[in-house]
Amino acid sequence: MNKQTLLEYLHLSNDLLHVIVILLLAWLLLGLSRKLIRLFRDYMNNRADTAEDKRRIETLARVFRYISTVVISLVAGMLVLSEIGISIAPILGAAGVVGLAVGFGAQSLIKDYFNGFFLLLENQIRQGDVIEVCEKIGVVEDITLRYVCLRDNEGSVHYVPNGQISIVTNKSRDYAYALIDIGVAYREDMAEVGQVVVEVGRAMRAEAGISASILDDIEVQGVQELADSAVILRCRIKTVALDQWNVRRAFLGRIKQAFDARGIEIPYPHLTLYAGQDKQGRSPAFPLLNARTSVKQNPIDG
């Protein structure tokens with residue numbers, strides 16, 4: 001082995017050693033960053049006062065892990081390319097030109113990332129929240145800088161790009177209201193109906209199985225609508241966030257039993273038929289026909 005070959009061999013070995021060291025350091029940094037993020041998450045969870053704060057901390061921790069992994073991997077990749085003799089300057093220049101060209105065609109993707117960043121920064125959405133975005137309602141199973149993953153009540157999963165989100169309706173912050181419309185017959189005394197509603201609400205708040213979900217007494221807001229067949233009474237119950245639907249179902253079942261016991265009618269839809277009037281102001285009578293006698297007897301049946 002001549003001197004030139006030996007120098008090339010040593011140089012190659014040195015470059016290979018540098019690559020191994022870079023990859024090893026990148027691996028250590030990845031592990032260290034994840035450990036630090038995990039420690040920070042545990043520290044903040046111990047200081048969090050509510051479950052909502054804990055969900056926000058968990059969401060931010062996942063995003064920080066993603067960002068740190070991408071940054072460390074990119075830096076390590078560029079250093080490895082530099083060590084093996086590939087100049088990264090042309091790559092960066094070409095990436096800039098290509099990025100500019102791609103940027104015009106990937107504006108929606110860039111918008112997704114910007115919107116996702118501000119959604120997390122402003123604490124609009126957290127993992128575990130029930131939200132409505134882009135006419136989709138569901139539980140947030142995953143949120144990234146790119147999209148929000150929702151699972152609806154049927155179990156279907158919706159991936160909503162952050163760039164398409166303009167309005168966020170969060171149904172799981174602090175508290176909620178179980179909004180209930182009750183229809184009763186026009187002949188019923190609304191004062192009595194309101195009293196029964198209040199009694200059922202108080203009984204539910206004293207009931208061990210569901211009282212933890214109710215934060216305040218039922219609020220009877222009054223007559224909401226004079227509908228075609230019923231008087232609609234609106235009331236609402238302040239509940240723990242995400243329990244409003246269970247409280248509403250429980251209340252409807254109990255109010256049905258209470259109305260049955262008091263003889264309060266929950267009416268079926270009614271339809272009034274108008275036959276019109278002649279020029280003298282008289283309304284013709286509706287002819288009634290017995291279906292059994294009007295149908296000719298089947299000769300086969302005798």
(request) Write out, first by first residue and then by second, each pair whose Cβ atoms fall under 6 Å of each other, whose residues are 6+ apart or on separate chains, and whose first residue, in segment 167-183, is surrounded by 15 or more Cβ atoms within 10 Å (Cβ to Cβ) while the second is among the charged types (D, E, K, R) and modelled with pLDDT of 90 or more. (result) Y177/R236; Y177/K238; A178/R248; I180/R248
(message) Here are the criteria: (1) in a helix (DSSP H, G or I); (2) crowded, with 16+ Cβ neighbours inside 10 Å. Tell me which single one E199 does not satisfy.
(response) (2)
(request) Kindly indicate the residue of segment 69-108 that is over 30 Å from V160 (Cα atoms) and of a type in the set (S, T, Y) and also modelled with the lowest pLDDT among those meeting that condition. (result) S87
(message) What pairs come out if I take residues in segment 20-31 that are surrounded by 14 or more Cβ atoms within 10 Å (Cβ to Cβ) and pair them with residues that are of a type in the set (D, E, K, R) whose C-beta lies under 9 Å away, six or more apart or interchain?
(response) I22/E83
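Every residue, every condition in (1) modelled with pLDDT of 70 or more; (2) of a type outside the set (D, E); (3) outside any strand (DSSP E or B), yes or no:
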position	(1), (2), (3)
M204	yes, yes, yes
V220	yes, yes, no
K256	yes, yes, yes
A261	yes, yes, yes
H270	no, yes, yes
R282	yes, yes, yes
(request) Pairs only if they're at least six apart or on different chains, beta carbon under 8 angstrom, first in segment 210-229 and buried (at least 17 other Cβ atoms within 10 Å of the Cβ), second in a loop (DSSP other than H, G, I, E, B); list them, first residue then second. (result) S213/D243
(request) Out of the residues in segment 243-264 that are under 23 Å from the mean Cα position of the chain (by Cα) and in contact (Cβ under 8 Å) with a residue 40 or more places away in the chain, state the one that is surrounded by the fewest Cβ atoms within 10 Å (Cβ to Cβ). (result) W245
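The values are calculated or read from the model by the stated rules, or taken from the named source; none is laboratory data. As the structure is a prediction and not an experimental result, all values here were calculated from the model. Glycine gets a Cβ as well: all are built from the backbone with ideal geometry, and neighbour counts include every protein chain shown.
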